[in-house]
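Taking it in order: structure first as structure tokens, then the write-up.
The values are calculated or read from the model by the stated rules, or taken from the named source; none is laboratory data. The shown structure was predicted, so the numbers you read here are calculated from the model rather than taken from an experiment. Here the Cβ positions follow ideal geometry from the backbone for every residue, glycine too, while neighbour counts run over all protein chains shown. We work out accessible area using only protein heavy atoms, side chains counted, and drop any ligands, DNA or RNA first. Shrake-Rupley method; radii C 1.70, N 1.55, O 1.52, S 1.80 Å.
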Amino acid sequence: MERCGGVVLHSNLRIQSSIPRRRTLFSRSGHPLPLPGCAARRKIFRTVPRASPLVDHFRLGTFQNDKRHMLVNKVIHKSQNALSVYSSCGSREASTSGGEMRKNELLVDCGTDQEECVVGGIVALGKFDALHIGHRELAIQASKAGTPFLLSFVRMAEILGWEYRPPIVAKCDRKRILSSWAPYCGNVIPLEYEVDFSKVRHLTPRQFVERLSKELRVSGVVAGENYRFGYRASGDASELVRLCKEYGLEAYIVRSVMDKSQPSYNGSSKGINSNDQGQVSSTRVRRALALRDMEYVGKLLGRKHRLVLSVDKGSISRSDSTPNRFSVPKLCMLNQPPEDGVFDNCSLLVDDTYVAPCRVIIDTELINIESDDGSSCLHEHLQNGQLLGIEFGW
């Protein structure tokens, strides 16, 4: 374990800072062919993940000299320009056959060829529902180790019987937010793939890591220090490090991002769980939305909160008494709004195009928007099937 700038990183593999270009032989399936005399302990070279549109696509067998592989923690230089890893074999009772893996593919939005999505990348593990600054830190650390990806676990509430809550971030708005992280991630936009929780909930910690290694062929993982995984959350961060080492993967455990701006309401921190140690969390974001503290929400998210509504011209009603006001039913909302109230200093958008400043009044049934400029502009910009956005300022 090493500390650097308040971040704790575990790394069971150290990466040579410069790796020369080299060619090797590949089978038609894209897997490297073993060289004569290779034993269980083999030397491999990092390849560019071919699925990412954010990096140049190299042909099979061409390797990169990627200086971003120099990590923030100490690098132990090897005498040879290669990574030394053990073939991942795992335990016999935990292994899953290739046929079973294909019938039960992990990624729900990757198509049939699971290997092509995140192969060779560094995946950040988590729920990522709010995409707050703690989640962003995981993506930053993944980008320092390689090409960053997010593996988001979805359908947890449905499967575990939790009460439904609208998402903090609208699904259609997630790519915009991830794009805004590029300056923090070496000008690379982290790509996100979803993992259906039902496909992994019964896996042991070992089985889960084995699937990351064998099915998805990732190079490593990043997780928070409080990360739990495996059946009934039986695995913790230390076990993740141990299993990744066994399967030849890098593992980086990142210290929680602490909430340094927690406001005090009448002398106490309302709604904060007594077991909460002060880390930034989606629970804090939801509580701040319930308290209508949009400045606090913005600090937790690292951006202004955007409410997205799926509307057409027929769903927008004008006010006869207030000409500059129009209303949209709450049924059009795609993510969680703040608690009912009045909000000044907001911005009105159609898709991602800024339209006008506005004032927002949220009641039990309607989102009421007041704008001297936006009322007329909205009908000019809005077409059926477009998305209306409200960004909350403070």
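Sorting the segments 157-168, 309-320, 352-363 by their mean number of nearby beta carbons within 10 angstrom, highest to lowest, gives 352-363, 309-320, 157-168. Converting phi to 3J(HN,Hα) with the Karplus coefficients 6.51, -1.76 and 1.60 and the offset θ = phi - 60°, the range 290-302 yields 5, 8, 6, 8, 6, 5, 5, 4, x, 5, 5, 7, x Hz in sequence order, with x at every glycine or proline.
Working note: Karplus 6.51/-1.76/1.60 with θ = phi - 60° gives the range 353-362 the couplings 9, 5, 10, 5, x, 7, 10, 10, 10, 9 Hz, where Gly and Pro are set to x.
The apolar share of the surface of the range 197-267, taken as the fraction of accessible area on carbon and sulfur atoms (1.4 Å probe, ligands and nucleic acids excluded), comes to 47 percent. Is the range 309-349 best put as rounded, prolate or oblate by its Cα gyration tensor, with a ≥ b ≥ c the root eigenvalues, rounded for a/c under 1.5, and otherwise prolate when a/b is larger than b/c, oblate when not? It comes out oblate by the Cα gyration axes.
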